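The values are calculated or read from the model by the stated rules, or taken from the named source; none is laboratory data. Please read all numbers here as calculations on a predicted model, not as lab measurements. Note that we place each Cβ from the backbone using ideal geometry, even for glycine, and neighbour counts take in every protein chain shown. Surface accessibility is based on the protein's heavy atoms, side chains included, excluding ligands, DNA and RNA. Shrake-Rupley method; radii C 1.70, N 1.55, O 1.52, S 1.80 Å.
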Amino acid sequence: MSLINWINFQSHGDERGSLIAVEIGMDKAIPFDIKRVYYIYNTEQGVTRGCHAHKNLKQVAICVAGRCRMVLDNGARREEVWLDCPTRGLVIQDMVWREMYDFSKDCVLLVLASEHYDESDYIRDYDDFLRETSQ
Ligand code: T46
């Protein structure tokens, strides 16, 4: 099964421009209660971010401006995708290794997270990650 799962958002556009509302709850787009929102911007050219997995964290990543690439890897399968569209969000499940790179200068990556920030939830070593996923 593919690791690349998108949520499509409805864009409300008129002659002034576009607006997207992201909602949680029954019949709404985001499949978890959002406890945290953060955004990544001003990323230096050539930089790779991420390079970790989370034990217990679901996220949706929405590139609201510019573009970047993301790798998702569950230990058995590795897939790569462009995040370049504000009308869709990439669902990132727990125990998935992620790497982001090829950031455009204007890239703003908005991330909706199911849990508060917790450094102990990170797996930052790829070999540790592979050991955990093979158990
Ligand atoms: C992820 C990818 C997509 C906080 O204080 N609170 C937070 O909520 C976050 C996410 C980070 N931080 C601090 C921790 C570091 O000192 O901000 C600094 C940069 O975080 P980090 O190096 O983890 O950033 P990325 O871009 O490598 O990874 C982030 C998220 O941490 C991660 O959960 O899935 O974006």
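Scanning region 75-98 for residues that are open to solvent by less than 40 Å² (accessible area, probe 1.4 Å) and in a strand (DSSP E or B) returns GLU79, VAL81, LEU83, GLY89, LEU90, VAL91, ILE92, TRP97, ARG98. Could you grab me the full set of residues in region 106-135 that are touching a Gly at 6+ places or on another chain (Cβ under 7 Å), over 17 Å from CYS51 (Cβ atoms) and open to solvent by 50 Å² or more (accessible area, probe 1.4 Å)? Hits for region 106-135 are ASP106, SER134.
Scoring ASP106 on the criteria (1) among the charged types (D, E, K, R); (2) free of Cβ contacts under 8 Å to residues at least 60 places away in the same chain; (3) farther than 26 Å from GLN10 by Cβ leaves a single failure, condition (3).
Select from region 99-122 the residues that are of a type outside the set (A, V, I, L, M, F, W, C) and either assigned to a strand (DSSP E or B) or within 13 Å of the chain's Cα centre (by Cα) (or both) and list them in ascending order. Selection gives GLU99, TYR101, SER114, TYR122. Out of curiosity, is GLY46 crowded, with 17+ Cβ neighbours inside 10 Å and within 27 Å of GLU119 (Cα to Cα)? Spelling it out, it is not the case that GLY46 is crowded, with 17+ Cβ neighbours inside 10 Å and within 27 Å of GLU119 (Cα to Cα).
Among the residues of region 9-32, those that are surrounded by fewer than 10 Cβ atoms within 10 Å (Cβ to Cβ) and part of a loop (DSSP other than H, G, I, E, B) comprise GLU15, ARG16, GLY25, MET26, ASP27.
Listed here are the residues, each with its yes/no results for (1) more than 25 Å from LEU19 (Cβ to Cβ); (2) aliphatic (A, V, I, L, M); (3) away from the ligand (no atom under 13 Å from the Cβ).
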position	(1), (2), (3)
LEU72	yes, yes, no
ARG78	yes, no, yes
TRP82	no, no, yes
ALA113	no, yes, no
ASP128	yes, no, yes
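If you go through region 79-92 and keep only what is free of Cβ contacts under 8 Å to residues at least 40 places away in the same chain and farther than 11 Å from LEU109 by Cβ, you end up with GLU80, TRP82, CYS85, ILE92. Looking only at residues of region 17-30 that are in contact (Cβ under 8 Å) with a residue 12 or more places away in the chain and under 17 Å from the mean Cα position of the chain (by Cα), we find that the one that is farthest from the ligand (Cβ to nearest atom) is ALA29.
Filtered by the rule that a residue be in contact (Cβ under 8 Å) with a residue 60 or more places away in the chain, within 21 Å of TYR122 (Cα to Cα) and more than 11 Å from the ligand (Cβ to nearest atom), region 31-70 gives PHE32, ASP33, ILE34, LYS55, ASN56.
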